[in-house]
Amino acid sequence: MIEELARAVVQFAVAIVATICFGVAFQAPRRHFVSCGLVGAVGWVVYLLCTDLGGLSAPVATLIAAIPLTALARWFAIAHKAPITLFLLCGIFPLVPGAGIYYTAYYLLINAQALFAARGIETLKTAVALALGIAIVSSIPLPGQRRRAPAPPDSRPPSSGT
Amino acid sequence: MNDRAMELVVGAGQTLLENGSEVSRAQNTMEIMARTLGIAGFHVYVLTNGIFASAEGEGPDAAPVSAVRHIPRTRIHLGRLEAVNALSRQLAAGQLTLEEAEAALARARAMPVYGPRRSLLAGALGSACFGYLFGGGPAEVVTAFAAGVLEMLIVEGFGRAGVSKVFTDIAGAAGCTALALAARGIWGAGYLPSQAIIGALMVLTPGVALTMGIRDLINADYLSGTIRVFDALLVAGCLACGVALSYLVANALLGVPL
C-alpha cells in the first residue's frame, strides 16, 4: 500500500515535470508553468489509477482521465483569465496517444498488418475518447459564467458607418 | 477606418490560429472584435490554415472590404495566444482604442521565444520523463535524455538551416533511434531500446495535432479537422520512416534484431 502510494507520488511529480517541459516547447508563459503541470499530472494519475487498479482499457481510462483534467484546466482558465487552450494543450500531453501513433506507423512500415490494425484502432479510439472528454466538460454551462453578449442572428451592428 | 479595424481583426485571428487556437475560438474572437469595433456586415470563414473575411465598405458607394490570409504551419506560442485573448477581452470592455489595440497586437506578435539552450534542456528532460512514465528503468531514462538532446540539436540545427519539416522529422527520429540502439553496447541485456526511443520521440509525435483535429471534427469543423488529422498522419509517417531507417541500418551492420 505504502509502496503503491509512493509510486503514485513519484509518477505525479514526474508528470508535472514532463508537462512543464512541453509547456516550454509550446512557449507557455512562465507564470502558468505550475498550473499546466498540475493539469497534466492530474490527468496522468487518474489514467494510471484507471488502468492499473481499475483494469480499464486505455481508451476508457483516457475518457475518464480527461474529465478531471479539463475541469481543472477550465478552473485555471477562469482563475487566471487565460484561454483554456493554454492549459489543455500542455496538460493533455501525457495522455495523447503519441506512442500509439508511432507504433501504428511503425507496424505499417515493417508490414505487421495485424498489429498495425490493432494499434491503429486503439490509437484512434484513445484520441476520440480524449477529444470527447474535453468536449463534454468544456461544454457544460457554468452557473456564474455569463456568456458575452450573444451574437444577433445577423451579426450586423445597426446602421454603423452608413 | 473600416480598413484598419479589419486589418486588426484579421491580424488577431491570424495570430490565434498560428499559435494553436481552435478554429471555433478564432472565429468567435474575430466576430466579437468586429462587433466591438463596429465593422458593418462583417463575415468570416476560418480554416486551420486560412482566413477569409469581408465587410461592407464605408459610405453608400464604397467597395466592400475583404481580407484573405494564408496561415502556414508554424511553431505554437501559447504566450502570444494568451496576449491576443487578453487584447480582445480589453477591447470588448472598452479599455482600448483602435491605436492601442494595434500596438498591443504588434507587441503580442513580437513576444520572445525561449532560448535554444532552454528548449534543448526542456526537450531532453521531457524525453527522460516520458521514458520513465512509459515504464522505463534508469538505463532507458538516461538514454532517453541523451536521445532527447540529440533530437533537439537536430531539430534546432535543421530549423535554422531551413530544412523542410518532413526531412527534419525523419532525421530527428533516425538520430535518436540510432543513439538508443547504440546504447545497447553500454547497458547490455535487459535494456529495452524501444522505451527510450518512444520517450525521446514524444517531443515530435503529433498526439496533440491528432487530438485537436478530432476536437475540430466534433465541433463540426470538418475541413479543419481533416487538415489537422492528415498533418498528424504525415508526421507519424515521417517518424516511423526515420525509426525504420535506423533499425534497418543497425540490423544490416550490427545484427540488431528488428
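When you count, for each residue, the other Cβ atoms within 10 Å and take the mean per peptide, how do B:226-239, B:177-190 rank with the highest first?
By packing density, highest mean first, the sequence is B:226-239, B:177-190.
Any chance you could list P(r) for the range B:58-109, counting all Cα-Cα pairs in 5 angstrom bins from zero, rounded to whole %?
4, 16, 18, 17, 19, 15, 8, 3, 1
Mind computing the radius of gyration and Dmax over the alpha-carbon atoms of the protein assembly as shown? Å is fine for both.
Values for the protein assembly as shown (Cα only, Rg and Dmax): 22.9, 81 Å.
Which order results if A:VAL17, B:VAL84, A:VAL24 are arranged by neighbouring Cβ count within 10 Å, fewest first? Don't skip to the answer; put the middle values down first.
On the way: A:VAL17 17, B:VAL84 27, A:VAL24 21.
Fewest-to-most ranking of A:VAL17, B:VAL84, A:VAL24: A:VAL17, A:VAL24, B:VAL84.
How much net charge surrounds A:SER35 when only other residues with a Cβ under 15 Å from its Cβ are counted (Lys, Arg +1; Asp, Glu -1)?
Taking every other residue near A:SER35 into account, the sum is +3.
At q = 0.17, 0.19, 0.22 Å⁻¹, what log₁₀ I(q)/I(0) does the range B:86-219 have when each alpha carbon counts as one equal point scatterer in the Debye sum?
-0.91, -1.01, -1.16
When N is the residue count of the range A:1-150, what does its C-alpha Rg come to as a fraction of 2.2 N^0.38 Å?
1.14
Can you figure out the FRET efficiency of B:ASP3 with B:ASN251, using R₀ = 60 Å and their beta-carbon distance, to the nearest 0.05?
The value I calculate is 0.45.
Evaluate peptide B:243-252: per residue, the Cβ atoms of other protein chains within 10 Å of its Cβ; return the mean as an integer.
2
Over the Cα atoms, compute the radius of gyration (one decimal) and Dmax (the largest Cα-Cα distance, rounded to a whole number) for chain B, in Å.
Radius of gyration, then largest Cα-Cα span, for chain B: 22.8, 81 Å.
Given 25 °C and 0.890 mPa s, compute D for the range A:77-119 with the Stokes-Einstein relation, Rh being the Kirkwood radius over Cα pairs; round to the nearest whole µm²/s.
Calculated translational D: 197 µm²/s.
Report ³J(HN,Hα) in whole Hz for each residue of the range B:158-172, in order, from the Karplus equation J = 6.51 cos²θ - 1.76 cosθ + 1.60 where θ = phi - 60°; Gly and Pro get x.
Once θ is set to phi - 60°, the couplings for the range B:158-172 become 5, x, 5, 7, x, 6, 5, 4, 4, 5, 4, 5, 4, 5, x Hz.
How far apart, in nanometres, would the label points at A:ASN111 and B:ALA63 be if each is projected 7 angstrom from Cα along the Cα-to-Cβ direction?
A separation of 6.0 nm, rounded to one decimal place.
What does the highest-first list of B:246-257, A:30-41, B:116-127 look like by mean Cβ count within 10 Å?
A:30-41, B:116-127, B:246-257
Do you know the relative contact order of the range B:14-107, to the nearest whole percent, from alpha carbon pairs under 8 angstrom that are 6+ apart?
Reported relative contact order: 30 percent.
When the dipole is taken about the Cα centre of the protein assembly as shown, and only Lys, Arg (+1) and Asp, Glu (-1) are charged at their Cβ, what size is it in debye, to the nearest 20?
500 debye
What does the average come to when, for each residue of peptide A:117-126, you count the partner chain Cβ atoms lying within 10 Å of its Cβ?
On the way: counts 0, 0, 0, 0, 0, 0, 3, 3, 0, 3.
Partner Cβ neighbours, averaged per residue: 1.
Multiply the residue gap between B:THR74 and B:GLN95 by 0.36 nm, knock off their C-alpha separation, and tell me the result in nm, one decimal place.
Here the answer is 4.5 nm.
Let me spell out the model: positive unit charges on the Cβ of Lys and Arg, negative unit charges on the Cβ of Asp and Glu, origin at the Cα centre of the range A:1-152. What dipole size does that give, in debye rounded to 20?
780 debye
Binning at 10 angstrom from zero up to the longest distance, how are the C-alpha pair distances of the range B:108-165 distributed in percent?
That works out to 24, 40, 27, 9, 1, in percent per bin.
Treating the beta-carbon of each Lys and Arg as +1 and of each Asp and Glu as -1, no other charges, what is the dipole magnitude of the range B:73-124 about its Cα centre, to the nearest 20 debye?
It works out to roughly 420 debye.
Does the range B:1-56 come out rounded, prolate or oblate, given a ≥ b ≥ c as the square roots of the eigenvalues of its C-alpha gyration tensor, rounded meaning a/c under 1.5 and, failing that, prolate meaning a/b above b/c?
prolate
Can you list the equivalent-ellipsoid semi-axes of the range B:1-124, largest first and in whole Å, using the square root of 5 times each Cα gyration tensor eigenvalue?
29, 16, 11
Would you mind classifying the range A:54-139 by shape? Square roots of the alpha carbon gyration tensor eigenvalues, ordered a ≥ b ≥ c; an a/c under 1.5 is rounded, otherwise it is prolate if a/b is larger than b/c and oblate if not.
Cα axes put the range A:54-139 in the prolate bin.
Give me the inter-chain shielding for B:235-242: mean count of other chain Cβ atoms within 10 Å, whole number please.
Counting other chains' Cβ atoms within 10 Å and averaging over B:235-242 gives 5.
Measuring from a point 7 Å past the Cα of A:ILE140 along Cα-to-C-beta, which residues in the range A:39-69 have an amide N at less than 16 Å?
A:43, A:63-69
Sum -39500 (n - 2.57) across every DSSP H segment of at least 4 residues in chain A, then divide by the residue count to get the 222 nm mean residue ellipticity, nearest 500.
Rounded to the nearest 500, the figure is -23000 deg cm²/dmol.
Let me check against my output: what whole-number percent is the relative contact order of chain B, with C-alpha pairs under 8 Å and at least 6 apart?
So the answer I get is 16 percent.
Lys/Arg Cβ at +1, Asp/Glu Cβ at -1, dipole of the range B:1-93 taken about the Cα centre: which of B:MET30, B:ALA40, B:PRO72 is farthest positive-ward?
Final value for the positive-end residue is B:PRO72.
So what's Rg/Rh here for the range B:160-258, counting alpha carbon atoms and using the Kirkwood radius for Rh?
Using only Cα positions, Rg/Rh for the range B:160-258 is 1.10.
Laboratory data are not the source of any read-out in this text; all were calculated from the coordinates shown. Every value quoted in this text rests on a predicted model; they were computed, and no experiment measured them. Quick reminder, even Gly has a Cβ in these numbers, built from the backbone with ideal geometry, and neighbours come from all protein chains shown.
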